[in-house]
Every structure is written in structure tokens, then in C-alpha cells.
Amino acid sequence: MISIITPTYNRELLVQTTIRSIQAQTFTDWELIIVDDGSTDNTESAIQSYLKDARISYIKKANSGQAASLNVGVSHARGEFITFLDSDDEAYPEWLQTVHNEIKKDTGIACSCAIRKFMDGSIIYEELGEFNLFGEKMMLKFTCGSLFIRKELFIAIGGYDAELRANIQTDLGYRLIGEIRKTNYKIVTIRKYLIQINIHAGERIRTNWQRKSDGGAQFLKKHFAFLKKHDPKEISNICATIAFSNYKMNDRKKSIEYLMKAIKHNPTRLLNYFRILKYRFM
């Protein structure tokens, strides 16, 4: 069995599309655990008819954030493998079957590709990303729906860090790779596009600039020593993201401060020099 955890908050319409995409899976040995993070709209009512499917369960809790909701979902999961699918995204019919076919006895995690769809209908194909970890180049993708985890590994690292305001997927991924290195488990890469990330006008962590700034700073503090040793250019990328978030909030002083840090850790990235002009004067 594969356990799917879907956190939701005030998405009474969007979450139904997510549920239907799971019910349409060609692989049928799954369970879906929907964790409602204290919705104040009609999410609970909207989900009731889907609970006729014995594979679907619903948990409502006080609002405490996405990471805490994901951890709650895993605590109720019965599957040997777990995955997470956001309540505004959807899975293609072969999602679970394709991953299940690749899972072996020594599989620790599996990663697949995704498609990002925008409101105007345009799409971006998201490949696996190259990570430099522990002196090795690895092709990975830690985003929800693309990452499947052996549940015992998730439990061993303590699950998601509920203190982080953003970057919870990458943080989890780094810790998972560290844990896998202690075991004989392997990483499986699946170069197929199996889920669709839907970009919409509603609230998303990706466009909550304060959360992205705060979460980026938290993540950087937590993993700075590790990144400095293994992948200093990633420090630059994170700093640039924090700079952009502050630019969007019109905090030009802080945006320039983090751009300078980005340049320090990767002085060859010319784009950041142009960004200084933009963030200062535009």
C-alpha cells in the first residue's frame, strides 16, 4: 500500500480535483489521508461525499501549518511508502503505478518529474534537479507528489521540521539523504512527468513573500555549515531568493543585503549584479 497525505486549508473546490485525480489512479492499493488545517470555509462539507470511498480518511485539526499537518497525516499512515500531494495539485492516472513498478526491496526514496501549469494554460516541464551532497552529484526532486519515502526513514529523521516557515521540502530531503547514507537503501529516479502543479490566484507558500524570506533565512541558518562544505553555490541561490522576496515586499535595504551575500558565495553569477541595479532603483 502507498499512503498519500494531502494537507488542506480553505480549498473546498481545489481539493476535490486533487481527490478525484487520486481516485482515477490505475494502481488501486492506496490510502488517502486528508488533513484539514483548521479550514474556515466549506472544506469539511465538500469532502464528505468522498469519504464513501473506504480508502479515504479525513482529519480536522487546529491550524498549525503545513509541516505539522503532514506529520499528523504520516502518524495515521498504514503504507510502507508515503507521499504527499498538495490540495491544489493533481496526479496523472499512471502516477502511483509508475512509481510502484520502480520500487524494490532496497528502495529508500523515489523521485519523479512534474509539470507546472499556469492559469493561462502554459506549462513548464520540471526535471529532476542536480544536487551536490556528500561529495556526490545526485538527481533529486523533493517537492510534494514527486517524492516517495519509505515510512521508516521519514520516522527516523523525525518528519518535517514544523518550525520552518518555508523550504520544508528541501530540508526534509537533505535529512533523508543523510539518513539513507547510514543504510543500504537506494535512491530511485523516475524521469517521467507524473503530477501537475497548478498555479492559481489563491494563497500559496510560493507567493507568501514574508514566509519565503523568513523560511529561507531559517533554512540557511540550519544548513549553512553543510552547504558551505558541499555546495556553496546553493547558499548563493537561497540568498538570491530571500533578496527577491524582500524586493517584492519593497524592503530594498534587505534585498540588497542578501544580494551581496549571494554574490559573495557565487561571484560568477552575473545576473545578481544586474539585480542590484533593479532592486535599488526599479
Exercise. For the stretch 59-107, how many residues are free of Cβ contacts under 8 Å to residues at least 60 places away in the same chain, of a type outside the set (A, V, I, L, M) and assigned to a helix (DSSP H, G or I)?
Worked result: 2
Exercise. Got a number for residues in the stretch 236-270 being touching a helix residue (DSSP H, G or I) at 6+ places or on another chain (Cβ under 7 Å), of a type in the set (S, T, N, Q) and not in a loop (DSSP other than H, G, I, E, B)?
Worked result: 5
Problem set entry | Every residue from the stretch 33-51 that is within 13 Å of Arg20 (Cβ to Cβ) and loosely packed, with under 15 Cβ neighbours inside 10 Å | Ser49
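Does Glu179 qualify as being among the acidic types (Asp, Glu) and over 30 Å from Ser64 (Cβ atoms)?
Numbers: among the acidic types (Asp, Glu): yes; over 30 Å from Ser64 (Cβ atoms): no.
Answer is no for this residue.
Which of the following residues is touching a Lys or Arg at 6+ places or on another chain (Cβ under 7 Å), outside any loop (DSSP other than H, G, I, E, B) and among the charged types (D, E, K, R): Glu152, Glu130? Explain how you work it out, then say what you get.
Numbers: Glu152 fails: touching a Lys or Arg at 6+ places or on another chain (Cβ under 7 Å).
Unique residue meeting the criteria: Glu130.
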Exercise. Which of the residues that make up the stretch 247-281 are among the polar types (S, T, N, Q) and either modelled with pLDDT of 95 or more or within 25 Å of Arg175 (Cα to Cα) (or both)?
Worked result: Asn266
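Would you check which residues across the stretch 3-30 are part of a helix (DSSP H, G or I) and modelled with pLDDT of 95 or more and list them?
First, pick out the residues of the stretch 3-30 that are part of a helix (DSSP H, G or I): 14-23.
Val15, Gln16, Thr17, Thr18, Ile19, Arg20, Ser21, Ile22, Gln23 - these are the residues of the stretch 3-30 that are part of a helix (DSSP H, G or I) and modelled with pLDDT of 95 or more.
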Exercise. Can you name the residue in the stretch 167-193 that is in contact with a helix residue (DSSP H, G or I) (Cβ under 8 Å, 6 or more places away or on another chain) and hydroxyl-bearing (Ser, Thr, Tyr) and is also farthest from Glu126 (Cα to Cα) among such residues?
Worked result: Thr183
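For (1) modelled with pLDDT of 95 or more; (2) assigned to a helix (DSSP H, G or I); (3) within 26 Å of Asn101 (Cβ to Cβ); (4) charged (D, E, K, R), each residue gets a yes or a no:
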position	(1), (2), (3), (4)
Tyr160	yes, no, no, no
Arg165	no, no, no, yes
Leu172	yes, yes, yes, no
Leu194	yes, no, yes, no
Arg211	no, yes, no, yes
Gly215	no, yes, no, no
Glu234	no, yes, no, yes
Seminar exercise, completed: Exactly one of Arg211, Arg150 is surrounded by 14 or more Cβ atoms within 10 Å (Cβ to Cβ), within 22 Å of Leu70 (Cα to Cα), free of Cβ contacts under 8 Å to residues at least 60 places away in the same chain and basic (Lys, Arg), and that residue is Arg211
Problem set entry | Conditions (1) closer than 19 Å to Glu102 by Cβ; (2) within 17 Å of the chain's Cα centre (by Cα): number failed by Met138 | (2)
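The values are calculated or read from the model by the stated rules, or taken from the named source; none is laboratory data. Here the structure is a predicted model, which is why all the values come from computation and not from measurement. Please note: Cβ atoms are built from the backbone with ideal geometry, for glycine as well, and neighbour counts cover all protein chains shown.
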